[in-house]
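Notes to accompany the following structure.
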Amino acid sequence: MFDAVLVANRGEIALRIIRAARTLGLRTIAVHSTEDAKAGWLAEADTAIAIGPARASASYLNGAAILMAAQATGAGAIHPGYGFLSENAAFAQAVTDAGLVFVGPPADCIRRMGDKMAAKRAMRAAGVPCVPGPDTPLPQDPAAVRALAEDLGYPVMIKAAGGGGGRGMRLVRTPAELAPALEQTREEAARFFGDPTLYIEKFLTAPRHVEIQVLCDTHGTALWLGDRDCSLQRRHQKLMEEAPAPGIDRAAVAALGARCAEACRAIDYVGAGTFEFLYQDGAFHFIEMNTRIQVEHPVTEMVTGLDIVALQLRVARGERLDLDQTQIAARGHAIECRINAEHPSTFVPSAGTIAALRLPQGQGVRVDTHIGVNEKIPACYDSLLAKLIVHGTDRADALRRMREALDDLHVEGIETTAPLHRRLLRDPAIEAGAVGIDHLERWLWSEAAA
Ligand code: ADP
């Protein structure tokens, strides 16, 4: 049982974790790079400790420095947030080996689910529906790969088993594109993920991205907390998310959620996690599991009333989840817009200092952010500045609140994606709901052409 937690992350999620830890009466330790030495969110922790230079590889990804900081400050647990070391099995193992608690699943769960191909195999075995395609490595022989692709039928997708963050996958539309795609993806996989293993799957042409949030304790309880729709993506990066997924038969979602909870029991999962699916023609197809808290977790919190980050910490302390599946229900509708420090039409990252700021407030409005006036926004990290989340009685109500909230948001000094969200919320297809993952990029093209 620990009473102090070190937060191995930065920005909005670091602050989110610090706040959750405080509600549980835990002491909080923040770590930071030299670049973030004056960051406002550090003041919210009981202790802040420098772990390295600006370069993430030498600071936020420096597991040894983070462990030393934990030991020096008496932290009993490390919460990795998302990104950085959150899905690094070796780090999770090192934390455990040092006698500390890793706030997340056991290292071998992370390892297994981090290999997308192994994850697919485990999910198939647990009865979770997957994207068509073998869950075994692609053979070296190009002719054998061609035969596999013909079998599946073009278009297909070549994916790196170790891929993530939108990297390490390539769409192949015709047989002629296959050989170069294999070569490029294999090279990228080796370079970025240190593992050249590739696999192939059917490319679904206009699916929706629907995911299931799960939460498990160490006493065998596995719950699913609802679904989210994250189809609004640019270059495989989510921009806007909502809960629940509109227009999908609730009984089908419930059956899928129950399967996910069962799969968690089968793999001895602990903590919060997300099963990601592509949804097309009334069927769900598993693509991957994220073994960590996700950026978009607040939409689930808004509709269920649960504090998922606090629950992660309580589960890590060995507490039993005092909830059963029948007590979990989605009330109303929630939407999240990611406000990034990027130009709203070119998406070029924008660094600088926040000169003036007004954050929206009011009924059903939540802003998860670390920024304040005079906050320096460095160019070297993820561009997420703030998450604007609204909760309404239904989807139409949530949309109205989001439009209002976006109009109330003012950030001066740097460019943000807020103007893009304002325009997007006037798109009739988005207003109607249930768009596919190809929608945003097509919409951006048509806007650029207009
Ligand atoms: P990552 O771990 O890099 O986020 P995912 O496997 O979760 O990769 O895929 C990210 C996104 O790529 C999905 O949300 C979807 O937009 C697209 N995608 C992945 N697999 C397929 C597929 N088989 N068919 C169509 N789109 C896909």
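The values are calculated or read from the model by the stated rules, or taken from the named source; none is laboratory data. These numbers come from a predicted model, not from an experiment. Cβ placement follows ideal geometry from the backbone for every residue including glycine, while neighbour counts extend to all protein chains displayed. SASA here: full protein model, heavy atoms, side chains in, ligands and nucleic acids out. Shrake-Rupley method; radii C 1.70, N 1.55, O 1.52, S 1.80 Å.
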Within the bounds of the range 67-74, is there any residue that is of a type outside the set (A, V, I, L, M), open to solvent by 20 Å² or more (accessible area, probe 1.4 Å) and touching a residue at least 60 places away in the same chain (Cβ under 8 Å)? yes
Residue check: is Asp268 on the phi > 0 side of the Ramachandran plot and among the acidic types (Asp, Glu)? yes
Is the range 52-63 home to any residue that is of a type outside the set (S, T, N, Q), closer than 17 Å to Val101 by Cα and more than 23 Å from the chain's Cα centre (by Cα)? no
Matching entry among Ile335, Ile293 (being closer than 21 Å to Glu242 by Cα, within 16 Å of the ligand (Cβ to nearest atom) and of a type in the set (A, V, I, L, M)): Ile293
Quick check on my filter: what residues within the range 368-391 are over 26 Å from Gly52 (Cβ atoms) and surrounded by 20 or more Cβ atoms within 10 Å (Cβ to Cβ)? Lys387, Leu388, Ile389, Val390, His391
Quick one: in the range 166-192, which of the residues that are surrounded by 12 or more Cβ atoms within 10 Å (Cβ to Cβ) and part of a loop (DSSP other than H, G, I, E, B) is farthest from the ligand (Cβ to nearest atom)? Arg173
Odd one out for Arg208 among (1) open to solvent by 10 Å² or more (accessible area, probe 1.4 Å); (2) in contact with a helix residue (DSSP H, G or I) (Cβ under 6 Å, 6 or more places away or on another chain); (3) not hydrophobic (A, V, I, L, M, F, W, C): (2)
Here are some conditions: (1) assigned to a loop (DSSP other than H, G, I, E, B); (2) more than 9 Å from the ligand (Cβ to nearest atom); (3) open to solvent by 60 Å² or more (accessible area, probe 1.4 Å). Asp195 meets all but one. Which one does it not meet? (3)
Sort through Ala64, Ala54, Ala45 and tell me the only one that's free of Cβ contacts under 8 Å to residues at least 40 places away in the same chain and open to solvent by 20 Å² or more (accessible area, probe 1.4 Å). Ala64
Cross-chain or 6+ apart pairs with Cβ under 7 Å, the range 353-370 first and within 19 Å of Arg16 (Cα to Cα), then in a loop (DSSP other than H, G, I, E, B) and hydroxyl-bearing (Ser, Thr, Tyr): none
Search result, residues across the range 398-443 that are within 16 Å of the ligand (Cβ to nearest atom), more than 23 Å from Asp382 (Cβ to Cβ) and surrounded by fewer than 18 Cβ atoms within 10 Å (Cβ to Cβ): Ala434, Asp438, Arg442
What is the one condition in (1) more than 11 Å from the ligand (Cβ to nearest atom); (2) open to solvent by less than 40 Å² (accessible area, probe 1.4 Å) that Met157 does not satisfy? (1)
Close pairs from the range 217-232: first assigned by TED's automatic domain parsing to the domain that holds Val253, partner within 16 Å of the ligand (Cβ to nearest atom) and of a type in the set (Lys, Arg), Cβ under 9 Å, at least 6 apart: Asp229/Arg208; Cys230/Arg208; Cys230/Lys238; Ser231/Arg208; Ser231/Lys238; Leu232/Lys238
Single residue of the range 230-276 satisfying the filter (in a loop (DSSP other than H, G, I, E, B) and over 15 Å from Pro106 (Cα atoms)) that is most open to solvent (accessible area, probe 1.4 Å): Arg235
Complete set of residues in the range 77-92 that are open to solvent by 20 Å² or more (accessible area, probe 1.4 Å) and farther than 21 Å from Gly194 by Cβ: none
Looking at (1) within 19 Å of Leu232 (Cβ to Cβ); (2) modelled with pLDDT of 95 or more; (3) of a type outside the set (D, E, K, R), which is the only condition Ser345 fails? (2)
As an exercise: evaluate Glu301 against (1) modelled with pLDDT under 95; (2) under 21 Å from the mean Cα position of the chain (by Cα); (3) among the acidic types (Asp, Glu) and give the number of the one condition it does not meet. (1)
